[in-house]
1. Go over the candidates ASP238, ASP272 one by one and state the one that is of a type in the set (D, E, K, R) and either within 16 Å of ligand 1 (Cβ to nearest atom) or surrounded by 19 or more Cβ atoms within 10 Å (Cβ to Cβ) (or both).
2. I need the full set of residues from region 188-203 which are touching a residue at least 12 places away in the same chain (Cβ under 8 Å), within 15 Å of ligand 1 (Cβ to nearest atom) and not small (Gly, Ala, Ser), in order please.
3. Limited to region 149-187, what total is found for residues that are near ligand 1 (Cβ under 10 Å from one of its atoms), surrounded by 21 or more Cβ atoms within 10 Å (Cβ to Cβ) and not in a loop (DSSP other than H, G, I, E, B)?
4. Is it the case that some residue within region 307-328 is within 16 Å of ligand 2 (Cβ to nearest atom), part of a helix (DSSP H, G or I) and within 30 Å of GLU151 (Cβ to Cβ)?
5. Provide a single number: the residues in region 266-285 that are part of a loop (DSSP other than H, G, I, E, B), of a type outside the set (A, V, I, L, M, F, W, C), under 16 Å from VAL254 (Cβ atoms) and in contact (Cβ under 8 Å) with a residue 40 or more places away in the chain.
6. So, in region 89-142, exactly how many residues are among the β-branched types (Val, Ile, Thr) and more than 25 Å from MET61 (Cα to Cα)?
7. Here are the criteria: (1) more than 30 Å from GLU128 (Cβ to Cβ); (2) crowded, with 18+ Cβ neighbours inside 10 Å. Tell me which single one VAL63 does not satisfy.
Amino acid sequence: MPRILVIDDEAAIRDSLRMILEYENYEFAGASNGQDGVAQIQRERPDLVLLDIKMPAMDGMEVLRKIKSIDETLPVIMISGHGTTATAVEAIRSGAIDFLDKPLSSERVIVTIQNTLSQSQLRKENRELKLAMEAKYEIVGNSPALRRVLEAVQRAAPTNATVMLLGESGVGKELVARTIHRNSARAGQRFVQVNCAAIPEELIESELFGHEKGSFTGATEKQIGKFEQADRGTIFLDEIGDMSPKTQAKVLRVLQEQEVERLGSARTIKVDVRVIAATNKNLEEAIQRGEFREDLYFRLNVIPIQVPPLRERREDIPLLVQHFARRTSEEHNLKPKRFDARATEALQRYRWRGNIRELRNAVERLMIMAPGDSIRVEDLPGEVRGAPSLPAPAVEASAATQPAAAGMSSSSTPAPGTLREFKEAAERAFLVDKLRENNWNISKTAEALDTPRSNLYKKLEQYGIKQEADG
Ligand SMILES: Nc1ncnc2c1ncn2[C@@H]1O[C@H](COP(=O)(O)OP(=O)(O)OP(=O)(O)O)[C@@H](O)[C@H]1O
Ligand SMILES: [Mg+2]
């Protein structure tokens, strides 16, 4: 029930408004002078204020200024008597929503209140939505690796240049794409996302380019393609590595000509789109294998931005945890919970293969499921709790190959020079260790490693591993 505060020095006016309002199921509160009114606002935040202009001591204009300094968004309707119309107009300039003339007509009062409340509700929802959107698209983190990404975004965003976002799954490529759009001259236009991996091969062309009614069986209605939808805005081609050769050829043409043809139509339509592409695949390798067109690659790869995996910016994890914890408690109306220092540390040590998406899901789950007011290391899933502590240098390489490190130093392999050599040497030593543990039984070793036997055979051959004479 909306609460309405009436500030008026005349008891008769307060009484009649109380009757009108209570009859319409509003909650009424009254104040006979400005000071009392302001005090009530501070105490109980009404949803709307009816404020008399002419009062002894503090007059309506002064009260209005006070109210606005307390809560700028609180709607105020002035009550104007004889000879105060000019003041009422001035009040509106100072932030009042509307005014009502004395003598008050109950109908006018109710209609004005209803309109004002629904408008202020809309404004409130708008504000909340905007804040929620901003929180949703906020890029959190302060690590040097992330700062480099943000600097590149800042430079690329205002231009029309094609951007290629590279990085593992869950590192925030989509978030970066949206940020580029929001910081471009096209921000007021559409951001159209196409997930090339999710659309079946036979539908993707009509998704991208549209079709005319009746252009193929099943085309019962005309469809506007994503490129056309994104005209003057930005198109985000996600998972670009999953496009078929035929689609690649067509996309290349759009990029070259800046025009599209709907399926079943001979008419070409000019489009002005800014392209952002993303992939978690290694496109250069895909080109080598003949799966991705090199000319399309060069078209797209104008400004490449590599979004680094979370393990290369573990410094960001505490901030991300706080951010996701706050967002979860807001979204699900949960009591805020703190992650204590040891829990945060464990989250920071763990190797998040699904990157930020996996971390976010874990935090969300903990916020919802963990008992107690704070989240402690005991609340974390076993594999996170048990994550090995971070070795000082080369976090990435050692995290990936830790079990092999001991075997390596005892082996006769020469010190590896490149990362690749290091990884291979480590893998080889690791395999030898495991084979020894399992008495060189291939099936058992494969099982222990959770890999197919065929794969293990391939590795043995690749590394020239043979059973030692004495086992
Ligand atoms: N720096 C960040 N700050 C806050 N949230 C982030 C950040 N990076 C990623 N996220 C969040 O993590 C989730 C995964 O990000 P996003 O979908 O952008 O990743 P992606 O690289 O597109 O992954 P995929 O390749 O799997 O599509 C999203 O919910 C996103 O909002
Ligand atoms: Mg994505």
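1. Numbers: ASP272 fails: either within 16 Å of ligand 1 (Cβ to nearest atom) or surrounded by 19 or more Cβ atoms within 10 Å (Cβ to Cβ) (or both).
Exactly one of ASP238, ASP272 is of a type in the set (D, E, K, R) and either within 16 Å of ligand 1 (Cβ to nearest atom) or surrounded by 19 or more Cβ atoms within 10 Å (Cβ to Cβ) (or both), namely ASP238.
2. Start the filter on region 188-203 by keeping residues that are touching a residue at least 12 places away in the same chain (Cβ under 8 Å), which leaves 189-198, 201.
Those still in the list that are within 15 Å of ligand 1 (Cβ to nearest atom) too: 191, 193-198.
Across region 188-203, the qualifying residues are PHE191, GLN193, VAL194, ASN195, CYS196.
3. The total comes to 5.
4. Step one: filter region 307-328 for residues within 16 Å of ligand 2 (Cβ to nearest atom), giving 307-310.
Now restrict to residues that are part of a helix (DSSP H, G or I): 310.
So of that shortlist, the ones also within 30 Å of GLU151 (Cβ to Cβ) come out as 310.
Looking for residues that are within 16 Å of ligand 2 (Cβ to nearest atom), part of a helix (DSSP H, G or I) and within 30 Å of GLU151 (Cβ to Cβ), one finds at least one in region 307-328, hence yes.
5. Here the count works out to 1.
6. Within region 89-142, residues that are among the β-branched types (Val, Ile, Thr) and more than 25 Å from MET61 (Cα to Cα) number 2.
7. With (1) more than 30 Å from GLU128 (Cβ to Cβ); (2) crowded, with 18+ Cβ neighbours inside 10 Å applied to VAL63, the lone miss is (1).
Table: residues versus (1) out of contact with any helix residue (DSSP H, G or I) (no Cβ under 9 Å at 6 or more places or on another chain); (2) crowded, with 19+ Cβ neighbours inside 10 Å; (3) among the charged types (D, E, K, R); (4) closer than 27 Å to GLU128 by Cα.
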residue: LEU320; (1), (2), (3), (4): no, yes, no, yes
residue: GLU330; (1), (2), (3), (4): no, no, yes, yes
residue: PHE339; (1), (2), (3), (4): no, yes, no, yes
residue: GLY354; (1), (2), (3), (4): no, no, no, no
residue: ARG357; (1), (2), (3), (4): yes, no, yes, yes
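Bear in mind these aren't lab numbers, they're just calculated from the coordinates by the rules spelled out. Nothing here was measured: the structure is a model prediction, and the numbers come from that model. Cβ coordinates were reconstructed from backbone atoms using ideal geometry, including for glycine residues, and neighbour counts include every protein chain displayed.
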